[in-house]
Amino acid sequence: MTSPTAQSTTPIDEHAPESAGPSTASTSATSIPTTPTASASSTPASSTPAQTVEPRGFSVASLVLGIASFAFGYTVVVPIVGLVLGILSLKREPASRAMSWWGIALNGLTLLGGALVVVFGLSALAVFGIADATSWVFPPVG
């Protein structure tokens, strides 16, 4: 008869299959990987410097308004808003100066084109004798 202290003291893995003997239970309980994993070898998040993201809202809005107003027709309000946003973004968002300049250029061209259409359109109406349509711009003389 054996005493209770003479029994095997190897740990038994509760998740091991029942047919496995104590030798496999002891190896599965003590098997610890010795190679570091990829997450353990990378630097912790606290040691990396925080990257600050520059805001680009004004410059993106200026560019989008410039493209939209240039592509979809001549308006007055949309290019003015885009021009103001582009000028503001030059001072507030130095990282996105290219988008700001493109927005300013497109909005400026749209405003210039709209002004030329109005001036030449009204002058063409006046030259071709349609004075009734332009009487609010060109008051009758005499």
Among the listed residues 25, 40, 29, which satisfies the condition of being open to solvent by less than 50 Å² (accessible area, probe 1.4 Å), at pLDDT below 80, more than 30 Å from residue 115 (Cα to Cα) and part of a helix (DSSP H, G or I)?
-> 25
Within the stretch 84-93, track down each residue that is surrounded by fewer than 22 Cβ atoms within 10 Å (Cβ to Cβ) and touching a helix residue (DSSP H, G or I) at 6+ places or on another chain (Cβ under 9 Å).
-> 84, 87, 88, 90, 92, 93
Out of all the residues in the stretch 108-121, is one or more in a helix (DSSP H, G or I), open to solvent by less than 50 Å² (accessible area, probe 1.4 Å), at pLDDT below 85 and not basic (Lys, Arg)?
-> yes
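The values are calculated or read from the model by the stated rules, or taken from the named source; none is laboratory data. Model, not experiment: these values are computed from the prediction. FYI the Cβ positions are ideal-geometry reconstructions off the backbone, even for glycines, and counts take in every protein chain you see. Surface accessibility is based on the protein's heavy atoms, side chains included, excluding ligands, DNA and RNA. Shrake-Rupley method; radii C 1.70, N 1.55, O 1.52, S 1.80 Å.
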